[in-house]
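Inspection log for the structure reproduced underneath, given as structure tokens.
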């Protein structure tokens, strides 16, 4: 499996981790239910790596791959998953997935979002992306800068 082809199914206890894996560009489903045999089977059938906080689930007979996440804080959870699977996220894939529904977002004509985003945002940013599934609109604003800073800080902390 290639670096960015890793696909995940996160259980209901790992919502923040699922969001951050999407930010990093990974196809990540966030399951509403608890991790159980059905969760594991669905992940395996879909070719996804199951992510859970439930240690007991590791004792179940398992097809596919499973990472039991031990950390409470999301920054450490990211590290655990990346280290367990020896993944090195591609910076070019950051912010390419919808944070709400996981779909790949697409570049759209600036004119196509006029009236759909606040006027000051429309004036300030030349490029926009839209989710083809939920119609969410994204632009490279402060959220992206905050994400980049959080990832830089995570990298620094990780090296210490």
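What is the diffusion coefficient of the chain in µm²/s, taking the Kirkwood radius over Cα pairs and the Stokes-Einstein relation at 37 °C with a viscosity of 0.692 mPa s? Before the final figure, lay out each step's value.
Details: Rh = 16.9 Å.
Rounded to a whole number, D works out at 194 µm²/s.
Round to the nearest 10 and give me the degree value, 0 to 90, for the angle of helix 74-84's Cα axis relative to the longest principal axis of the chain.
Taking the Cα atoms of the chain, the angle to 74-84 is about 60 degrees.
What 222 nm value per residue comes from the helices of the chain, counting each DSSP H run with n ≥ 4 as -39,500 (n - 2.57) and dividing by all residues, nearest 500 deg cm²/dmol? Don't skip to the end; give the middle numbers.
On the way: 5 runs with 53 residues, N = 160.
After summing the helix terms and dividing by residue count, I get -10000 deg cm²/dmol.
Among 89, 126, 61, which one shows the highest mean-square fluctuation when the chain is modelled as a Gaussian network with alpha-carbon springs under 10 Å?
In the Gaussian network model the winner is 61.
If you take the square roots of the eigenvalues of the alpha-carbon gyration tensor of the stretch 38-112 and sort them as a ≥ b ≥ c, do you get rounded (a/c under 1.5), prolate (a/b over b/c) or oblate? Write down the numbers at each step before the final one.
Numbers: a/c = 2.60, a/b = 1.78, b/c = 1.47.
The shape class here is prolate.
Here, each number is a calculation from the coordinates, and none is a lab measurement. This one's a predicted model, so the numbers in the text were calculated from it and none came from an experiment.
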